[in-house]
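Enquirer: Sending over a structure as structure tokens; questions will come in a sec.
The values are calculated or read from the model by the stated rules, or taken from the named source; none is laboratory data. Predicted model only: the values in this text are computed from it and were never measured. For accessibility, only protein heavy atoms count, side chains too; no ligands or nucleic acids. Shrake-Rupley method; radii C 1.70, N 1.55, O 1.52, S 1.80 Å.
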Amino acid sequence: SLDGSDYTEQILNYDGYYFFLVCYDLAKTNKNVFGKINDFAKLCGQDSIPIIALTSSSEVESFKKETGSDIDFYLTDGIQLKTMIRSNPGLLLLKKGTVMDMWHYHCFPSYTDVKEKHFGK
């Protein structure tokens, strides 16, 4: 987390679904998609599906203010984030630590589509 706490095991062992929004470098992150991302995050909250952002950048608070995002950001290694998904931002859906799906910001899904495909089962 931004305060230095390690939540890796807690997140990867979570029983339900979990979204990771990967923004490996906030200076290079496409901010134009954050209207859609913020709407998506609100719908996740309504269904109690956790969503967090992962970044290697330290300027999180100014980025959140600029994009209007209230997603919690966690710090991790940028190379590992680029390995996870080659998109900035990119979205991953995990269940019990296993990647179930992922999306580049060019093909960012609607929450309804994700819900029908993954949560309806």
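Enquirer: In what order, largest first, do 6, 72 sit by accessible area if the probe radius is 1.4 Å? Don't jump to the answer; show the numbers that get you there.
Expert: Values: 6 125, 72 90 Å².
Reading off the accessible areas and sorting them downward yields 6, 72.
Enquirer: Could you pull the accessible area for residue 110 with a 1.4 Å probe, rounded to 10 Å²?
Expert: 50 Å²
Enquirer: Can you list the HN-Hα couplings for the stretch 40-54, worked out from phi with the Karplus curve (6.51, -1.76, 1.60; θ = phi - 60°), rounded to whole Hz and with x for Gly and Pro?
Expert: 4, 4, 4, 5, 4, x, 5, 9, 6, 9, x, 9, 10, 10, 10
Enquirer: Separate question: For the stretch 16-29, in order, what is each residue's ³J(HN,Hα) by Karplus, 6.51 cos²θ - 1.76 cosθ + 1.60 with θ = phi - 60°, in whole Hz (x at glycine and Pro)?
Expert: Rounded to whole hertz, the list is x, 7, 8, 9, 10, 9, 8, 10, 4, 9, 5, 5, 9, 5.
Enquirer: Amide H of residue 100: which non-local residues (sequence gap of 5 or more, or other chain) have their own amide H closer than 5 Å, using H built in the peptide plane?
Expert: 93, 94, 95
Enquirer: Also, quick follow-up: Could you work out the percent of alpha carbon pairs in the stretch 3-68 separated by over 16 Å, rounded to a whole number? Display every interim value, and only then the final one.
Expert: Values: 1133 of 2145 pairs.
Result for the distance tail: 53 percent.
Enquirer: Restricting to bridges with both residues inside the stretch 50-111, how much of the DSSP beta-bridge set is antiparallel, in percent to the nearest 5?
Expert: Working: 6 of 10 bridges.
Counting DSSP beta bridges with both partners in the stretch 50-111, the antiparallel share is about 60 percent.
Enquirer: Still on this model: Compute, for residue 40, the solvent-accessible surface of its heavy atoms (probe 1.4 Å) with the complete set of protein chains present, and express it in square angstrom to the nearest 10.
Expert: 10 Å²
Enquirer: Could you sort 59, 9 by accessible area so the largest value comes first, with the probe set to 1.4 Å?
Expert: On the way: 59 75, 9 120 Å².
Listed by decreasing accessible area, they come as 9, 59.
Enquirer: So in the chain, what percent of DSSP beta bridges are antiparallel if you round to the nearest 5?
Expert: Details: 12 of 20 bridges.
Bridges in the chain that DSSP calls antiparallel: roughly 60 percent.
Enquirer: Then there's this: Give the dimensionless ratio obtained when the Cα radius of gyration of the stretch 33-105 is divided by 2.2 N^0.38 Å.
Expert: Rounded to two decimals, the normalised Rg is 1.09.
Enquirer: Using only alpha carbon pairs under 8 Å that are at least six residues apart, calculate the relative contact order of the chain and give it in whole percent.
Expert: Values: 182 pairs, mean separation 40.2, N = 121.
The normalised contact order for the chain reaches 33 percent.
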